[in-house]
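Undergrad: Dropping a structure here in structure tokens format, bear with me for questions.
The values are calculated or read from the model by the stated rules, or taken from the named source; none is laboratory data. Note that the structure is a prediction, hence the values are computed from the model and not measured. Please note: Cβ atoms are built from the backbone with ideal geometry, for glycine as well, and neighbour counts cover all protein chains shown. Accessible surface is based on the protein model in full, side chains and every heavy atom, while ligands, DNA and RNA are left aside. Shrake-Rupley method; radii C 1.70, N 1.55, O 1.52, S 1.80 Å.
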Amino acid sequence: MTGTVVRPVPYVDLHAQRRRIAAGVDAAIARVLEHGGFVMGPEIEELEAELARRAGVAHCLTCASGTTALTIPLLARGIGPGDAVFVPSFTFTSTAEVVALRGATPVFVDVRRDTFDMDPQSLDVAIATARAAGLAPRCVIPVDLFGQPADYRGVRRVADAHGLWVLGDAAQSFGASQHGRPVGSLAEVSATSFYPSKPLGCYGDGGAVFTDDDELFERMRAVRVHGQGRDRDTLVSLGLTGRLDSIQAAVLLQKLTIFDDECDRRDEIAARYAERLSDVVDVPVLGPGNRSIWAQYTIRTERRDQVVERLDACCVPTAVFYRRPLHLQAPYAHFPSVAGGLPVTEALADEVVSLPLHPYLEADDQDRVVAGVRAAFGA
């Protein structure tokens, strides 16, 4: 007798999204192939205008990746050796990597247990830690982890008190908001990613930087293309090759036509998870005034391994972000952490697990996820 084949639940379903917008995407790509402006074609200017409008800022600079988007402001602001830049350890490596590659020192700050975002109190202590080590505090990079904005009001209070500027790592959060203000407008400069699995993703790598600062924008625009000024014969700074391809811009423009609907759908699925799981695990907590984009739906439980094993047996994929924090990774072990250590970060690394959440998650698939989590607790 042949056993029943159980269909895996998709963790992210780009195929379903593709079926919805295939005709528009194919036509948009065909237009790029026809005009031949593969680098900095007309789609770039159109996309930057639309992204700036959505972010509520004067300027958007598209670029090659989310990591590039973090690098460009650091280059434009002259971050380098002797400078301290404050970052969470509970994040993807890019946040600290771009600092170290500039020759500056990432200083690791603890996070809050409920929202996973940078703890302003820990930041205040970390600034003193950096000064005691002979470093010059320059910049803070709060991370909008899993799709909800960091506590920008709290972070900026501390940053302003110490004369630091804030670079928002919004790699996971474009489309979210805080107190009615969209991500992109919550810090002096913000960086996002359009990696394919992001809530707004292209068909390759891509990113963007947002700011209202006219002077900073001009410096960043030069950095994006080898430090070129208004013509290619004049160099005004050092720079890099950081442009976004026109085909990726064309794809993003098509995805923006359905983005608002997808955001609403993410909210609905997250609410259903919270309603059905809050009695057995710690479900995500939104900070004051926050609307998340739900790049990940991350729960906390001391029985994480049982949850993962149970869901795996049900053909439900999970992900753990982040099992080993940056300050415990070999490339970052010699960089300083806030005095007193990072106890919340280390505890979260043992407790968090992310469940499937995307706009095309069917109700019966979500039922399977919920049933699997509850079964791990005998509920």
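Conditions tested, residue by residue: (1) of a type in the set (D, E, K, R); (2) open to solvent by less than 10 Å² (accessible area, probe 1.4 Å); (3) at pLDDT 95 or above; (4) touching a His at 6+ places or on another chain (Cβ under 8 Å).
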position: Asp13; (1), (2), (3), (4): yes, no, yes, yes
position: Glu43; (1), (2), (3), (4): yes, no, yes, no
position: Gly66; (1), (2), (3), (4): no, no, yes, no
position: Phe108; (1), (2), (3), (4): no, yes, yes, yes
position: Arg113; (1), (2), (3), (4): yes, no, yes, no
position: Leu123; (1), (2), (3), (4): no, yes, yes, no
position: Arg131; (1), (2), (3), (4): yes, no, yes, no
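Undergrad: Look at segment 321-340 and say how many of its residues are open to solvent by 30 Å² or more (accessible area, probe 1.4 Å) and outside any helix (DSSP H, G or I).
TA: Residues in segment 321-340 being open to solvent by 30 Å² or more (accessible area, probe 1.4 Å) and outside any helix (DSSP H, G or I): 12 in total.
Undergrad: Do we find a residue being in contact with an Asp or Glu (Cβ under 6 Å, 6 or more places away or on another chain), at pLDDT 95 or above and assigned to a helix (DSSP H, G or I) anywhere in segment 220-240?
TA: No: zero hits.
Undergrad: Given the conditions (1) assigned by the TED database to the domain that holds Leu240; (2) open to solvent by 40 Å² or more (accessible area, probe 1.4 Å); (3) assigned to a loop (DSSP other than H, G, I, E, B), report the number of the one that Glu34 does not fulfil.
TA: Only one criterion in (1) assigned by the TED database to the domain that holds Leu240; (2) open to solvent by 40 Å² or more (accessible area, probe 1.4 Å); (3) assigned to a loop (DSSP other than H, G, I, E, B) is unmet by Glu34, namely (3).
Undergrad: Report, by residue number, each residue of segment 276-317 that is outside any loop (DSSP other than H, G, I, E, B) and of a type in the set (Val, Ile, Thr).
TA: Answer for segment 276-317, where residues must be outside any loop (DSSP other than H, G, I, E, B) and of a type in the set (Val, Ile, Thr): Thr298, Ile299, Val307, Val308.
Undergrad: If the requirement is being surrounded by 18 or more Cβ atoms within 10 Å (Cβ to Cβ), more than 21 Å from Ser193 (Cβ to Cβ) and either within 22 Å of the chain's Cα centre (by Cα) or not acidic (Asp, Glu) (or both), which of these qualifies: Ile293, Ile269, Ile247?
TA: Ile269
Undergrad: Does segment 17-27 contain any residue that is in contact with a Pro (Cβ under 9 Å, 6 or more places away or on another chain) and within 30 Å of Gly163 (Cβ to Cβ)?
TA: No, there is no match, as no residue in segment 17-27 is in contact with a Pro (Cβ under 9 Å, 6 or more places away or on another chain) and within 30 Å of Gly163 (Cβ to Cβ).
Undergrad: Using beta carbons and a limit of 7 Å, which pairs, at least six apart or on different chains, have the first residue in segment 145-162 and farther than 13 Å from Ala187 by Cβ and open to solvent by 10 Å² or more (accessible area, probe 1.4 Å) and the second one in a helix (DSSP H, G or I) and among the β-branched types (Val, Ile, Thr)?
TA: Listed by first residue and then by second, the contacts come to His162/Ile127.
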